[in-house]
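Asker: Starting off with a structure, shown below.
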Amino acid sequence: MTVRIRFFARFRELLGTDIVVDAPKNKGLSDLVKDVAGKNQEGYDAIFDEKGAFREYVILMQNGKRVETSDAPAIRVAEGDEIAVFPPVAGG
């Protein structure tokens, strides 16, 4: 099944922005992001801690809805999903 992952800001610089992957059925959201981020160690380290958990500042969205990073391991992706991964956002 086809899933789109979009990284933003610093994560985009490290990993790219609009990545389309062919994910197996029942793939977990965390595992999918790990697979893609794992292609660049610096990018992976920016998103995940040494235990493989999302860093506390990472913001995740699935199809435009916020997902708590603590829930991400149990969430399954589906055909056509769009996953967005953001670093902390600040503005003025």
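The values are calculated or read from the model by the stated rules, or taken from the named source; none is laboratory data. None of these values were measured; they are calculated from a predicted model. Note that each Cβ is placed from the backbone with ideal geometry, even for glycine, and that neighbours are counted across all protein chains shown.
Asker: Confirm whether Val77 is under 21 Å from Pro88 (Cβ atoms), of a type in the set (Val, Ile, Thr) and in contact with a strand residue (DSSP E or B) (Cβ under 8 Å, 6 or more places away or on another chain). Before you say what the answer is, go through the steps one by one.
Answerer: Details: under 21 Å from Pro88 (Cβ atoms): no; of a type in the set (Val, Ile, Thr): yes; in contact with a strand residue (DSSP E or B) (Cβ under 8 Å, 6 or more places away or on another chain): yes.
No; evaluated as a whole, the condition is false for this residue.
Asker: Take region 5-25 and flag every residue that is under 15 Å from Arg76 (Cβ atoms), without any contact (Cβ under 8 Å) to a residue 40 or more places away in the chain and surrounded by 13 or more Cβ atoms within 10 Å (Cβ to Cβ).
Answerer: Passing the criteria: only Val21.
Asker: Can you tell me which residue is nearest to Ile5 (Cα to Cα) among those in region 75-92 that are small (Gly, Ala, Ser) and modelled with pLDDT under 95?
Answerer: Ala90
Asker: Turning to a different aspect of this structure: I'd like the full set of residues that are basic (Lys, Arg) and either under 20 Å from Gly16 (Cα atoms) or part of a loop (DSSP other than H, G, I, E, B) (or both), limited to region 28-75. Write out each step before concluding.
Answerer: Step one: filter region 28-75 for residues basic (Lys, Arg), giving 34, 39, 51, 55, 65-66.
Correct list: Lys34, Lys39, Lys51, Arg55.
Asker: If you don't mind, another one. Kindly check whether there is at least one residue in region 36-56 that is among the aromatic types (Phe, Trp, Tyr) and without any contact (Cβ under 8 Å) to a residue 24 or more places away in the chain.
Answerer: yes
Asker: Consider Ser30 against the criteria (1) touching a residue at least 12 places away in the same chain (Cβ under 8 Å); (2) surrounded by fewer than 15 Cβ atoms within 10 Å (Cβ to Cβ); (3) small (Gly, Ala, Ser): it satisfies all of them except one. Which criterion is unmet?
Answerer: Ser30 satisfies every listed condition except (2).
Asker: Take the residues in region 2-18 that are out of contact with any helix residue (DSSP H, G or I) (no Cβ under 6 Å at 6 or more places or on another chain) and part of a strand (DSSP E or B), then tell me which one is nearest to Thr69 (Cα to Cα).
Answerer: Arg6
Asker: Shifting gears a bit: How many residues does region 42-66 contain that are of a type in the set (A, V, I, L, M) and surrounded by fewer than 18 Cβ atoms within 10 Å (Cβ to Cβ)?
Answerer: Of the residues in region 42-66, 3 are of a type in the set (A, V, I, L, M) and surrounded by fewer than 18 Cβ atoms within 10 Å (Cβ to Cβ).
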